[in-house]
Each structure stands twice: as C-alpha cells, then as structure tokens.
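The values are calculated or read from the model by the stated rules, or taken from the named source; none is laboratory data. Keep in mind that this is a model prediction, so the values were computed, not measured. A quick note on method: Cβ atoms are made from the backbone with ideal geometry, for glycine too, and the neighbour counts reach across all protein chains shown.
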Number of protein chains: 2
Amino acid sequence: MLYMIGVGLSNASDITLKGVEALKSCECIYLESYTSLLQDTKEKLEKLYNKKIILANRNLVEQQAETTILQQAKQKNVAFLVVGDALSATTHIDLLERAKRAGIQTRLIHNASIMTAIASTGLQLYKFGKTTSIPFPQDTYEPETPYKVLGENLSINAHTLFLLDIQPPRFMTVNEAISYLLKLELRNNKKWVTSTTVCVGVARLGSDSQFIKAGKASELMRVDFGKPPHAIIIPSKLHFAEEEFLRQFQ
Amino acid sequence: MLYMIGVGLSNASDITLKGVEALKSCECIYLESYTSLLQDTKEKLEKLYNKKIILANRNLVEQQAETTILQQAKQKNVAFLVVGDALSATTHIDLLERAKRAGIQTRLIHNASIMTAIASTGLQLYKFGKTTSIPFPQDTYEPETPYKVLGENLSINAHTLFLLDIQPPRFMTVNEAISYLLKLELRNNKKWVTSTTVCVGVARLGSDSQFIKAGKASELMRVDFGKPPHAIIIPSKLHFAEEEFLRQFQ
C-alpha cells in the first residue's frame, strides 16, 4: 500500500490524526523535498513520528520510483509525504498513476495547501484564476508563462497566485519574482504589471512567522520577506471588503 | 483568543495535531454548519476532542457573533471549527475581520479543502480557473453566475469547479446541478455546456466512500452519487495525462 500524505504548510504538528495513524503502519517513509519545504526539519518530523524519513528528490521520484518507493509499496506499507496537500503538483499525480498501474493499493490523506491558505490575505478564494509558477531563469531561458497566465486571469477579472521556484538551496524571493515579472512586462508592454501595480507578497504562510505585505510592486521589491518559501499574488479588481482587509498589511 | 480551525474534509480524525492542541485550551467550541458538512457527526467530534461543540448556523455567525463567539473570545479561548480550510468562504474572512476589529487575538489553523482535494481526479490544480457555486433556485430566481464563470474560464482554457448548494437538510446533487447548468445553456445558447460535454462529478471527496465519475453530462445525470456533499468539474481542454488518469473514472 502506498499512502500519499499531505503534511501541511509549516510544522511537524500540521499533520492530521489520520496521517499519524497511517504512518504507524508504514515501514518506509519518504518526504518529497523538491516542490516545497517545511519550516521544521526532517529530524523534527522523525522525532514526532518516531520513524526514519528518507528525503526524496525529483530524480528519485521521477526516475527511480519503480526500484524504490513503488517496489517497496508492493510488499509493505510505504508513506510518501508531501508538503501542502498530497497532490499539489503534477509530479505527485504522476506517481499516483504509476502506483495504480503497477497494481499497488493507494490512499490519499489530504492537508492544507498554499492554494487555500492565501485566504489569510483577505482575498476571496473564488476570485482566483489559474495558478502559475515563476522559475529561476536558466542562461537565456526566461519562460513567459507566468506573464501570459497573468494576462489571461486579468482578462476575466481573476486574481493570480504565483508560486516561486525552489531549487534547494536556492529559493526565489518576492523581490526576485517581481523583478522577473517587470522584465517580462518591459518585453511585452501590455501594462499587466508595472511598478505601481498593487501586489501581495507572502512568506512562510501558515507558520507562526507568517509574513504578508501588500503594496506597489516597486515597494515590495525593497521589502525583506525573510526565510522561504515566498509567493506573490497580483490581484485583479478588488472588492471593497478585500481592499479593507488588505489595508492591515500595507 | 479566537482560533479558526479547519477540520478537513471528512472524518473527526482529519483535524491536525496543531488543531487538537489548540482545542485543549478552548472553553467554547463552535462548528460552522452552513457552508459544508463532514461525514462524521458532531457527537463523534465531541468524543474525540472530549469537549462540547455548539453548531453555528449562518444567522449565529453573521448576525449574532458580537454577542456570542466574539464576546466570549474577548475573555477566553474560543474555537471556531470550519469544514475544509479555515477561510474557505467569505463568511469566515468576515468573522476574522470582525474579531480583529474588536481587538481579539486570532490564530488560523489550516486544513485540507475541496479546492485542492479535487486533484484526486487527475486534473491539474494549476489549470483550474475561478471556482463558483450553484445555488438552489428560489422561486423564479435562477442566478446565471455559474454559467458566466464557466464561460470566463473556458475563454482562458481553465477548468471550472462548481460547489453545490447546502441548505440542510437539502444538499444539491450532481444531477440537479447539471440540470441547472443545462437550463442556463438553453437560455443563453453559447454551447459552453451541452448534454455531450464531459463533466466530472465528485462526492464525499477525501472520505473512504469518496466517489468520482467522469462522463458526458447526460450520463452523469443518471448516476447516483450517494450522500452529500457533491461537486462538479467541467474541464477545459484536457492534457493527455489528465485524459488518461480520468479514464479510470469513466
């Protein structure tokens, strides 16, 4: 049996009772370490669960799962821990699909995700459009997808959540992300995001040190958001209740 | 102190360790009972938490919070339990805002939401556009918002999640929701949803009895999805990986 267990956003204690119960029966526990990160260390999780945890990088999950995770899950209970909810990223759905194809029983245990925790900003969840990611530019490769998605969302008056690239030990900051978007704006010149556009930067959402700051792009570029993970929201037209709530973060 | 605690999607054991810890210090515990519902009863939660729970309907939260929840939270620790994540609906953000304005300390404890649990269908979360709700028609009042949002999402090639109305003891079914949408289609004739449109119906997502069925609208109208809550997704253009994953639910 393969358990895919969301462990939430921040601390070891963000796991659910159902998740803890499932872990008791598991002989191997993997922690996915390439799409997001917790505030607590692997050691802290190990102590709480009273089990050894193996860190799983992208290569292990995408290239070697057949000879590791899935091989083991044919004979015993294996847990695959995911920061946030269990199927937050395409790579997790892919692992689930491969497990099912290999005839392995699977069980999902859900948990909190940044995709709904952003409601802490006061922005209404049902007004968010597509979510997109901002990658670290590689050499001359600077994907325009985040800019394109922003434009699409604005066209239907929807807010945009940008998740920021994680390539440990590098974690994209709000500052870097805004500067990336402004660069794409300069190239495309559609006025979808300028230095005066109101943005909301968030850091470590769901943790005790959660930090939210709203302001013009040019202002947020100078704010230190501290430790990762960071994310940005570019709101579309704000409802007055949203505007009022956001004011406390200015 | 007011704790707003997500209790997840289905069972008493979907609460997080952090949530359980917070409840220990709370003298009053309210369970929001008008935007969603659990599979487990209030009594089961009471037994697990070893505390009395007060059911809070919309009237209590929106009209009488000042003299109940917020009044108590000025003097002692109060928990407001929300099915799904803590700020899933506008009504919860509004309660948080009123608590802050009254000078009450607040703390959010996040949990799973249907908005990310829908990844169980294999549809990719970053391809979802705006979420919308389908209300029970009242007399001749049949809001067109869900149809309008569907059109907006399709215009940017985004999937649409429809949450279905809950007015205990009435819970909208997938069948009723599809028939509502087809009625709006007939009136507007934009071909956004017809009897041959592929839809995905989900019921009791995150529970052991979770049920997912994909098929043409006309087919899903004849499927019995069982107990509530139900929801529907109308996907936009599918990625081949999404198509393949969906096949198991046909």
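Before we move on, is B:Val20 over 20 Å from B:Lys100 (Cα atoms), crowded, with 22+ Cβ neighbours inside 10 Å and either β-branched (Val, Ile, Thr) or more than 14 Å from chain A (Cβ to nearest Cβ) (or both)? Spell out the reasoning first.
On the way: over 20 Å from B:Lys100 (Cα atoms): yes; crowded, with 22+ Cβ neighbours inside 10 Å: no; either β-branched (Val, Ile, Thr) or more than 14 Å from chain A (Cβ to nearest Cβ) (or both): yes.
Answer is no for this residue.
So, in region B:115-167, how many residues would count as being under 18 Å from B:Trp192 (Cα atoms), hydroxyl-bearing (Ser, Thr, Tyr) and in a loop (DSSP other than H, G, I, E, B)?
Selection size over region B:115-167: 1.
Here is a check on your reading of the model: is A:Lys74 in a loop (DSSP other than H, G, I, E, B) and farther than 23 Å from A:Leu205 by Cα?
Values: in a loop (DSSP other than H, G, I, E, B): no; farther than 23 Å from A:Leu205 by Cα: yes.
Spelling it out, it is not the case that A:Lys74 is in a loop (DSSP other than H, G, I, E, B) and farther than 23 Å from A:Leu205 by Cα.
Do any helices (runs of 4 or more DSSP H) entirely within region A:168-250 hold 1 or more residues that are within 16 Å of the chain's Cα centre (by Cα), and if so, which?
Ranges flagged: A:174-188.
In region B:136-156, which residues are touching a Pro at 6+ places or on another chain (Cβ under 9 Å) and either crowded, with 23+ Cβ neighbours inside 10 Å or modelled with pLDDT of 95 or more (or both)? Before you say what the answer is, go through the steps one by one.
Let us first name the residues in region B:136-156 that are touching a Pro at 6+ places or on another chain (Cβ under 9 Å), namely B:137, B:141-143, B:145-146.
Correct list: B:Thr145, B:Pro146.
Give the residues of region B:79-104 that are in contact (Cβ under 8 Å) with a residue 24 or more places away in the chain and under 13 Å from B:Ala65 (Cβ atoms), sorted by residue number.
Matches in region B:79-104: B:Phe80, B:Thr91, B:His92, B:Asp94, B:Leu95, B:Leu96, B:Arg98, B:Ala99, B:Ala102, B:Ile104.
Of (1) surrounded by fewer than 22 Cβ atoms within 10 Å (Cβ to Cβ); (2) at the interface with chain B (Cβ under 8 Å from one of its Cβ atoms), A:Thr116 satisfies all except one. Which?
(1) is the only condition that A:Thr116 fails.
Just checking, how many residues over region A:157-205 are over 19 Å from A:Met115 (Cα atoms) and either buried (at least 16 other Cβ atoms within 10 Å of the Cβ) or within 14 Å of chain B (Cβ to nearest Cβ) (or both)? Spell out the reasoning first.
First pass over region A:157-205, keeping only residues over 19 Å from A:Met115 (Cα atoms): A:167-170, A:175-176, A:178-198.
In the following step, the residues that additionally are either buried (at least 16 other Cβ atoms within 10 Å of the Cβ) or within 14 Å of chain B (Cβ to nearest Cβ) (or both) were identified as A:175-176, A:178, A:180-182, A:184-185, A:192-193, A:197-198.
Going through region A:157-205 one residue at a time, the tally reaches 12.
Can you work out which of the residues in region A:47-92 that are over 24 Å from the mean Cα position of the chain (by Cα) and within 14 Å of another protein chain (Cβ to nearest Cβ) is surrounded by the most Cβ atoms within 10 Å (Cβ to Cβ)?
This residue is A:Lys47.
Looking at region B:217-250, which of its residues are closer than 18 Å to B:Thr116 by Cα, of a type in the set (S, T, N, Q) and more than 12 Å from chain A (Cβ to nearest Cβ)?
Result: no residue meets the conditions.
Please specify each residue of region A:128-138 satisfying the condition of being touching an Asp or Glu at 6+ places or on another chain (Cβ under 8 Å) and either within 7 Å of chain B (Cβ to nearest Cβ) or under 12 Å from A:Leu161 (Cα atoms) (or both).
The initial filter retains those residues of region A:128-138 that are touching an Asp or Glu at 6+ places or on another chain (Cβ under 8 Å), namely A:129-130, A:133-136.
Result: A:Gly129, A:Lys130, A:Ser133, A:Ile134.
Determine if region B:89-103 includes at least one residue that is assigned to a loop (DSSP other than H, G, I, E, B), at pLDDT below 95 and touching a Ser or Thr at 6+ places or on another chain (Cβ under 8 Å).
Of region B:89-103, the ones assigned to a loop (DSSP other than H, G, I, E, B) are B:89, B:102-103.
After this cut, where a residue has to be at pLDDT below 95 as well, the list is B:89.
Now drop any that are not touching a Ser or Thr at 6+ places or on another chain (Cβ under 8 Å), which leaves B:89.
Taking every residue of region B:89-103 in turn, at least one turns out to be assigned to a loop (DSSP other than H, G, I, E, B), at pLDDT below 95 and touching a Ser or Thr at 6+ places or on another chain (Cβ under 8 Å).
When region A:171-230 is examined, which residues are found to be of a type in the set (S, T, N, Q) and touching a residue at least 40 places away in the same chain (Cβ under 8 Å)? Working first, answer last.
Step one: list which residues in region A:171-230 are of a type in the set (S, T, N, Q), which gives A:173, A:175, A:179, A:188-189, A:194-197, A:207, A:209-210, A:218.
Result: A:Thr173, A:Asn175, A:Ser179, A:Asn188, A:Ser207, A:Ser209, A:Gln210.
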